[in-house]
Amino acid sequence: IFNNISGVHNILGAIKEHAPRAKYYFASSSLVFGNPTMSPQDEHELKNPVTPYGIAKAAGNNIVKMYRETYGIFACAGILYNHESPRRDPKFLPRKITQAAARIKKGLQQELILGDLEAIRDWGFAGDYVESMWLMLQQAVPDDYVIGTGEAHSVKDILDIAFGKLGLDWRNYVRVDNSLVRTKESRVLVANIQKAKEKLGWSPRVAFSDMIAMMVEEDMKALTLPAP
């Protein structure tokens, strides 16, 4: 929370005083929308965060906008939807699933405990999103952009791909724990990326199924590497 509010303010304040021609990018989050009024969401959607993280990101967005409009600083924000890759920490759901699938395949784990299997998100490849960040900083005029895939997938979709790639049926290994369900979070967060397509010439390249398969492959490789 400190990094997304005080940290953003401090950096932009330093840019204003000492490097007014510098360019600043802020990594915002789809969680700023909380429980959205429409789906998919674009840059005009009302920010209505329902988590401390979402509240902090929304505040960061406002600070970026204020410095851009008041002081003419080149400050932009990418409102990023869920972005995953083989480098993702296993505490994040897709990597938790792909790592568990690999470990179960290797006989190192017996079950995977999850919450809401029907939860829907817009999951994209982190490498694609980094490209969008670079493109934002190449523009003549700074602005904010929603970055995602525009596709909705459920937790079950991830399970189908991850376990299916290894010839496993996830239903034999997954146990649902209702205490893990986040009741205050939106179930439908999907990006409308039309602005990014039109102004940045950007769209995601890696398909959802290919991304999950890539993560499974890397987790399998990691389990076969010799110990250091």
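The values are calculated or read from the model by the stated rules, or taken from the named source; none is laboratory data. Since this is a predicted model, take the numbers as computed values, not measurements. Reconstructed Cβ throughout: ideal geometry from the backbone, glycine too, with neighbour counts over all protein chains shown. For the accessible areas, the whole protein counts, side chains as well, though only heavy atoms, and no ligand, DNA or RNA atoms are used. Shrake-Rupley method; radii C 1.70, N 1.55, O 1.52, S 1.80 Å.
Give the angle, between 0 and 90 degrees and rounded to the nearest 10, that separates the Cα long axis of helix 208-224 from the longest principal axis of the Cα atoms of the chain. Approximately 60 degrees, to the nearest ten. Using the 1.4 Å probe convention, the accessible area of the chain works out to 52 Å² per residue with neighbouring protein chains retained. Seen against the Cα atoms of the chain and their longest principal axis, helix 93-105 is set at about 20 degrees. Rounded to the nearest Hz, the phi-derived 3J(HN,Hα) couplings of the stretch 21-30 under the Karplus curve 6.51 cos²θ - 1.76 cosθ + 1.60 (θ = phi - 60°) are 9, 5, 10, 10, 10, 10, 7, 8, 9, 4, where x marks glycine and proline. Listed cross-link partners Lys16/Lys195; Lys47/Lys197; Lys96/Lys221; Lys91/Lys156; Lys106/Lys165 are compared with a 19 Å cut-off, the Cα-Cα value being larger for Lys16/Lys195; Lys47/Lys197. Secondary-structure-derived ellipticity at 222 nm for the chain, considering helices only, amounts to -12000 deg cm²/dmol, per-run term -39500 (n - 2.57) for DSSP H runs with n ≥ 4. Across all C-alpha atoms in the chain, the radius of gyration and Dmax reach 19.2, 59 Å. Helix 52-71 and the longest principal axis of the C-alpha atoms of the chain enclose an angle of approximately 30°. Since only Ile113, Met38, Ala19 are under comparison, the one whose Cα sits farthest along the positive direction of the charge dipole of the chain, derived from C-beta charges on Lys, Arg, Asp and Glu, is Ala19.
Selection among Cys76, Asn4, Val141 by position relative to the dipole of the chain gives Asn4 as farthest towards the positive end (Cβ unit charges, Cα centre).
Hey, any idea what % of the stretch 1-61's accessible area is carbon plus sulfur with a 1.4 Å probe?
About 59 percent, which is the carbon plus sulfur part of the accessible surface.
Beta bridges from DSSP with both residues in the chain: antiparallel share about 10 percent, rounded to the nearest 5. Between the C-alpha center of the stretch 154-182 and that of the stretch 86-108 there is a gap of 11 Å.
Restricting to DSSP loop positions (anything but H, G, I, E, B) with no more than 12 other Cβ atoms inside 10 Å of their own Cβ, which trypsin sites (Lys or Arg not before Pro) remain in the stretch 1-81? Don't skip to the end; give the middle numbers.
On the way: sites: Lys16, Arg21, Lys23, Lys47, Lys57, Lys65, Arg68; in loops: Arg21, Lys47.
Hits after loop and neighbour filter: Arg21.
Ordering of 147-157, 100-110 by packing is 147-157, 100-110, highest average first (other Cβ atoms within 10 Å, averaged per residue).
Can you quote the Å³ per residue value for the convex hull of the Cα atoms in the stretch 71-182, rounded to an integer?
Numbers: hull volume 13.6 nm³, N = 112.
For the stretch 71-182, the hull spanned by Cα atoms encloses 122 Å³ per residue.
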